[in-house]
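The structure appears below as structure tokens.
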Amino acid sequence: MTNGGKKIVIAGAGSIGCYAGGCLALAGRQVILLARPRIEAVLRQGGLRVSDLEGRDRLVKPDALGITVDPAAALRQADVILVTVKSGATQEMAALIKAHARPDAVVVSLQNGVDNADRLRAGLDQQTGLEQQTVLAGMVPFNVVQSPDGELPLRVHRASDGKVMIEDGLAGLLDVASFLNVEGLAVETHSDMKAVLWGKLLMNLNNALVALSDLPLARELADRRWRLILAGQIDEALRAMKASGIEPARIAGLRPALLPKVLRLPDWLFRLLARRMLAIDPEARSSMWDDLQRGRPTEIGELQGAVLGLAERTGTPAPLLKSVTALVRAAEAARLGSPGLTPEQVLPPGGPRSA
């Protein structure tokens, strides 16, 4: 099976999906974006502008993309399906793939959280003996910012760095990582995606703090008061993971156990030692912030909630994670966007006010 002529369907053309799809289309891959009607209309009218932290700024014209709101029309053509929907839509997407995709299609989960690939596999499960789609776990390390509603062309800007990781191994004769590895979208394989996903989850615990603070990511991380809360959440998560026998992979080059110590450093020393972590575009926020602004459900259940599940099963205390989760749930229910809280308003009684 050669790479020529293969079609890639982006199943969920939001910020990450449009960025990945745009880079792939610019590299000559045949891309079909499965989008919401709002995104479809904007893309058909003005195309897609793809920019990044390294200074690339490229335009994909509408006729260089396949764009549809019809799952059946998109999925039945797919050789590779990149699932970029939010975690809450994973089961629905699995059902659509099962109903409409060819059984030899390769499915790659590029979603937040630790169990979406397993949920896709469960949703695609067919009768014993029948061929079914190959599902590979994946991890996207970077942040993508989408232009405001109504702006043409639709702009997706990669605001931080990192390589996409996908599960090691060939799917048939297709080297999926090599096929997806293009300019602006670096992709490589990893032999232990479970460790990678739990490592990524540790940093994703900050998504909620960006959402609650209403601050850009760079400003929030530059403030030690917010970093203390992130460090406290990571401490709770590491204890729950250890009790569950989970060993997360390194994050930004650091062993996970060192991450809370680095986050607790004074601001001046943190800026000096954590340059890689702070290599973020000033406009970057988090997908959870965007969800609150748009009145949509967040992924708090798949992030903080995944750790709270471990904590409950192992009897590990996690008061800070519980407090952050409750505040995000309250903001979801209010549907007023980010509440713009201070660090002091996020901390539960007895929270990490100092080192």
Taking a straight Cα-to-Cα line shorter than 21 Å from Lys194, and setting aside same-chain lysines fewer than 8 residues away, one finds Lys86, Lys163, Lys242
Going from most exposed to least, what order do Leu321, Leu327 have by accessible area with a 1.4 Å probe?
Leu327, Leu321
Scan around Val60 for amide H atoms under 5 Å from its own, H built in the peptide plane at 1.01 Å from N, and keep only partners 5 or more places away or cross-chain.
Leu48, Arg49, Val50
Could you derive backbone 3J(HN,Hα) for the range 302-318 from the dihedral phi with the Karplus parameters 6.51, -1.76 and 1.60 (θ = phi - 60°), listing whole Hz in sequence and x where the residue is Gly or Pro?
8, 9, 3, x, 5, 6, 4, x, 4, 4, 5, 5, 9, x, 9, x, 8
Sort Thr298, Thr134 from largest to smallest accessible area, using a 1.4 Å probe on the heavy atoms of the protein chains.
Thr134, Thr298
Using only alpha carbons, build the gyration tensor for the range 226-291 and give me the equivalent ellipsoid semi-axes, biggest first, whole Å.
22, 16, 12
Quick check: the angle from helix 319-334's long axis to the longest principal axis of the chain, C-alpha only, nearest 10 degrees?
60
Amide H to amide H under 5 Å from Asp281: which residues, 5+ apart in sequence or cross-chain, H placed 1.01 Å off N in plane?
Ser160
If contacts are Cα pairs under 8 angstrom and at least 6 residues apart, what is the relative contact order of the range 1-155 in percent?
25
With an 8 Å Cα cut-off and a minimum separation of 6 or more residues, compute the relative contact order for the chain in percent.
15
Of the heavy-atom accessible surface of the range 32-167 (probe 1.4 angstrom), what whole percent is carbon and sulfur?
49
Which distance in nm do the two modelled labels at Glu183 and Leu336 give, with both placed 7 Å along the Cα-to-Cβ direction?
4.8
Could you give me the radius of gyration and the Dmax of the range 262-352, taking only the C-alpha atoms into account and expressing both in angstrom?
15.3, 39
Estimated D of the range 92-207 in µm² per second, where Rh is the Kirkwood radius over Cα pairs and Stokes-Einstein applies at 25 °C, 0.890 mPa s:
156
For the range 257-317 and the range 1-75, distance of Cα centres in Å:
29
Just from its helices, what would the mean residue ellipticity at 222 nm be for the chain, if runs of 4 or more DSSP H residues each count -39500 (n - 2.57) and the sum is divided by every residue, rounded to the nearest 500 deg cm²/dmol?
-11500 deg cm²/dmol
Along each principal axis, Cα extent of the range 1-155, largest first, Å:
48, 31, 28
Can you pull the percent of Cα pairs in the chain with separation above 36 Å?
19
Across bins of 5 angstrom width beginning at 0, how are the C-alpha pair distances of the range 16-77 distributed, in whole percent?
4, 19, 30, 26, 14, 5, 2, 0
On the protein heavy atoms, probe 1.4 angstrom, tell me the percent of accessible surface of the range 268-355 carried by carbon and sulfur.
56
With an 8 Å cut-off on Cα pairs and a minimum separation of 6 or more residues, tell me the relative contact order of the range 124-275 in percent.
17
Per residue, accessible area of the chain with a 1.4 Å probe, heavy atoms of protein chains only, in Å², comes to 43
Relative packing of 72-80, 98-106, which averages over residues the other C-beta atoms within 10 Å, highest first
72-80, 98-106
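The values are calculated or read from the model by the stated rules, or taken from the named source; none is laboratory data. Nothing here was measured: the structure is a model prediction, and the numbers come from that model. All Cβ positions, glycine included, derive from the backbone under ideal geometry; neighbour counts span all protein chains shown. Remember, those area values only see protein heavy atoms, side chains included, never the ligands or the DNA or RNA. Shrake-Rupley method; radii C 1.70, N 1.55, O 1.52, S 1.80 Å.
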